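Asks: Pasting in a structure now, in structure tokens, and then I'll have a few things to ask.
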Amino acid sequence: MAGNSFGDLFRFTSWGESHGLAIGVVVDGVPSLIKLSEDDIQPFLDKRKPGNSKHTTQRKEDDIVKIMSGVYQGKTTGTPLSMIIENKDQRSKDYSEIEKTFRPGHADFTYMEKYGIRDPRGGGRSSARETACRVAVGAIANKILKTFLDSNVKIRGAMVQMGEIALIDDKWSWDEVEKNDFFCPSKKTAVEWDKYLKDVRKNGSSVGAVIEIHASGIPAGLGEPVYDKLDADLAKAFMSINAVKGVEIGAGFESAFLTGEQNADEIRTGKVFTSNNAGGILGGISTGQDIVVRFAVKPTSSILTPKKSITKTGKETTISTKGRHDPCVGIRAVPVGEAMMAIVLADHLLRNRGLNNK
């Protein structure tokens, strides 16, 4: 299986399956002499891990990370840095009924078509369990950004829409994001989402979401023109996250409805922009403004409602998915989105330093 690595100078390769003994990741390109320990990584994993909320899967995983190589006496050595996270709470029997039947909307069918074999336990390699590896790498990326740029660099995410309900007021508060189960920047909206998702779960169904990620404190000049544009790499990063079906930068698709006068981000003395429709990126290169990315997460197809499908032998049947699943996978996608933003920015920062010695 190819396609398990991401990045250029700052590059990682993840491994493992949802119900295997463990998942893990090898990170290459980490500069030496950066202070790093498990304590720097664990808080990021705690934010993503399952079982944190009544609205997410009740699979209980501690997600304790262990650094296996690349760190000596509390500092990175510049050699490959490997980490491992053991799986503790597998219930493989929950998936026995789907071993011979493809779940609509899942990767079951395509994995079988491509490889001739699949691991049905929790989706195997296609499971969102793999995103824990990304979050661990994102913690290291954050360390790199703060080491070489400024401690004021901030990468923050929020859910801005759940199913048919978008933010119902304009009172965006980053402090509020940390106070509710949905990473929602609006207290009023979070209350409505709580009621909404309870009904969704009760009906055995699921809903999608839109997540917005902001990166502030990023200097102008990151990104490569043409094929390695910063926004192109960000789009790939977010599209690689499980269940993501759309990505937009800045005004995104809304820019198609704007005039040239409305869309142009005017510039004033001191390199100050009067708006940010470009999402902090022009010509594939960062402008110094906040980098703003949104991505759409589809509803999980693991639902109780019977849906038409076929077996491995091609026989028509129906299937409903039992087990422990998120009624809205977008909730736990927020820290994953923050991680992928940090990873791309750290990669481009190191590339920029190599080219321009700054």
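The values are calculated or read from the model by the stated rules, or taken from the named source; none is laboratory data. Nothing here was measured: the structure is a model prediction, and the numbers come from that model. Here the Cβ is made from the backbone with ideal geometry for all residues, glycine too, and neighbour counts use every protein chain on show. Areas reflect the complete protein model, heavy atoms only, side chains present, ligands, DNA and RNA absent. Shrake-Rupley method; radii C 1.70, N 1.55, O 1.52, S 1.80 Å.
Asks: Only one of these is under 29 Å from Leu36 (Cα atoms) and not aliphatic (A, V, I, L, M): Phe148, Phe182. Name it.
Replies: Phe148
Asks: Further, regarding this structure: Quick check on my filter: what residues within region 243-285 are under 30 Å from Gly123 (Cβ atoms) and either over 29 Å from the mean Cα position of the chain (by Cα) or surrounded by 11 or more Cβ atoms within 10 Å (Cβ to Cβ) (or both)?
Replies: Ala243, Val244, Gly246, Val247, Glu248, Ile249, Gly252
Asks: Still on this structure, I have one more. From Gly314, Gly330, which residue is free of Cβ contacts under 8 Å to residues at least 24 places away in the same chain and among the small types (Gly, Ala, Ser)?
Replies: Step by step, each of Gly314, Gly330 is checked, and only Gly314 is free of Cβ contacts under 8 Å to residues at least 24 places away in the same chain and among the small types (Gly, Ala, Ser).
Asks: Still on this model: Can you tell which of Leu355, Leu304 is farther than 30 Å from Arg121 by Cβ and either among the acidic types (Asp, Glu) or at pLDDT below 90 (or both)?
Replies: Working: Leu304 fails: farther than 30 Å from Arg121 by Cβ.
One residue alone meets the criteria, Leu355.
Asks: Considering only residues that are assigned to a loop (DSSP other than H, G, I, E, B), open to solvent by 40 Å² or more (accessible area, probe 1.4 Å) and modelled with pLDDT of 95 or more, which ones fall in region 220-235?
Replies: Scanning region 220-235 gives Ala220, Lys229.
Asks: Given Ser302, Ser309, which one is open to solvent by less than 50 Å² (accessible area, probe 1.4 Å) and more than 27 Å from the chain's Cα centre (by Cα)? Steps first, answer last, please.
Replies: Values: Ser302 fails: more than 27 Å from the chain's Cα centre (by Cα).
Result: Ser309 is the single residue among Ser302, Ser309 that is open to solvent by less than 50 Å² (accessible area, probe 1.4 Å) and more than 27 Å from the chain's Cα centre (by Cα).
Asks: Could you go through region 81-103 and let me know if any residue there is outside any loop (DSSP other than H, G, I, E, B), within 30 Å of Asp194 (Cα to Cα), at pLDDT below 85 and open to solvent by less than 40 Å² (accessible area, probe 1.4 Å).
Replies: yes
Asks: Moving to a separate point now. Being farther than 18 Å from Ser301 by Cβ, open to solvent by 40 Å² or more (accessible area, probe 1.4 Å) and in a helix (DSSP H, G or I), is that true of even one residue in region 200-214?
Replies: Looking through region 200-214, at least one residue is farther than 18 Å from Ser301 by Cβ, open to solvent by 40 Å² or more (accessible area, probe 1.4 Å) and in a helix (DSSP H, G or I).
Asks: Mind listing just one residue for me: the one in region 131-154 that is in a helix (DSSP H, G or I) and of a type in the set (Gly, Ala, Ser) and, of those, surrounded by the fewest Cβ atoms within 10 Å (Cβ to Cβ)?
Replies: Ala139
Asks: Against the definition (in contact (Cβ under 8 Å) with a residue 60 or more places away in the chain and within 22 Å of Gln161 (Cα to Cα)), how does Ala256 come out, yes or no?
Replies: So Ala256 fails the test.
Asks: Now for a separate question. Just to check your reading of the model, which residue among Gly204, Gly163 is of a type outside the set (A, V, I, L, M) and at pLDDT 95 or above?
Replies: Working: Gly204 fails: at pLDDT 95 or above.
Exactly one of Gly204, Gly163 is of a type outside the set (A, V, I, L, M) and at pLDDT 95 or above, namely Gly163.
Asks: Show me the strands (runs of 3 or more DSSP E) found entirely inside region 241-358 where at least 1 residues are in contact with a helix residue (DSSP H, G or I) (Cβ under 6 Å, 6 or more places away or on another chain). Step through it out loud before you land on a result.
Replies: Values: elements: 244-249, 291-297, 307-310, 316-319.
So the answer is 244-249, 291-297.
Asks: Working only within region 48-76, note down all residues that are charged (D, E, K, R), at pLDDT 95 or above and within 21 Å of His19 (Cα to Cα).
Replies: Selection gives Lys66 alone.
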